[in-house]
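Working notes, beginning with the structure itself.
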Amino acid sequence: MPNSKTSSKKDYFFLITVPIIVGLTISIGFGVWLLFFAPKDNRLSQLPGIKQTKNFISDQFPMTTKAPEKEHRLAALTPTPRPIKKGMSRFKVSGGISVAPQFGSGSIEPVDPGQGNEQTLKINITSDSEVQSAKVIVLTDNGEKEVPMELASGDKTNGQWQATWTIDDTYMYRYKLNLEATNNAATQETSLLLR
């Protein structure tokens with residue numbers, strides 16, 4: 001004689017699993033029909049009880065075969081430039097290669113000179129051995145300019161270096177200064193992101 005608890009557990013199992021399997025089979029079959037066999041132009045309107053009043057996607061985003069003019073595409077993709085500080089800005093650089101020249105505190109004036117105007121960078125550089133060369137590379141929207149720095153005060157082991165240049169390009173999206181200083185052991189590099 002079979003155990004009544006075991007028999008009721010089996011009946012309960014079949015009562016739950018069979019409807020789940022049937023429901024999944026019907027859902028998968030409907031999905032396959034909808035993807036592959038329903039009319040391509042308006043699949044949802046073919047379903048009973050669904051009335052489609054407006055084709056939102058095609059009305060809001062019409063498909064065209066002609067590409068928009070280049071200016072229109074660029075205007076849509078061009079981000080708004082980040083704001084930039086006016087006047088002089090002071091900064092401090094730390095870290096780097098220990099045997100290379102070390103950048104310290106400095107200033108850039110003005111940060112936002114405008115195209116065609118001059119900009120000046122001053123920075124303190126210390127080194128165990130004499131600094132052989134120092135330069136700044138100005139990166140703007142459409143190019144870059146390498147400007148040598150000159151010793152303005154102090155000496156080549158502990159001094160203030162300076163460079164002045166004219167901004168010839170726009171700097172709406174790329175505006176960065178790469179600083180390099182070299183002694184007889186190594187070259188130190190760092191970057192100042194201005195925009």
(message) Can you report the number of residues in segment 97-141 which are closer than 14 Å to ALA181 by Cβ and more than 25 Å from the chain's Cα centre (by Cα)?
(response) 24
(request) Tell me, yes or no, whether segment 138-150 has at least one residue that is under 23 Å from GLY87 (Cα atoms) and either in contact with a Ser or Thr (Cβ under 6 Å, 6 or more places away or on another chain) or among the aromatic types (Phe, Trp, Tyr) (or both). (result) yes
(request) Check off (1) more than 22 Å from SER98 (Cα to Cα); (2) touching a residue at least 12 places away in the same chain (Cβ under 8 Å) for GLU146 and give me the number that stays unchecked. (result) (2)
(message) Suppose we filter PRO110, PRO81 for residues that are under 18 Å from TYR171 (Cβ atoms) and either modelled with pLDDT of 95 or more or touching a strand residue (DSSP E or B) at 6+ places or on another chain (Cβ under 8 Å) (or both); which single one remains?
(response) PRO110
(message) Criterion first (in a strand (DSSP E or B) and exposed (fewer than 14 other Cβ atoms within 10 Å of the Cβ)) does GLY154 satisfy it?
(response) yes
(request) Name the residue, out of GLY87, GLY104, GLY96, GLY116, that is at pLDDT 85 or above and closer than 17 Å to LEU194 by Cα. (result) GLY87
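The values are calculated or read from the model by the stated rules, or taken from the named source; none is laboratory data. Please read all numbers here as calculations on a predicted model, not as lab measurements. No Cβ is skipped: glycine too gets one built from the backbone with ideal geometry, and neighbour counts run over all protein chains shown.
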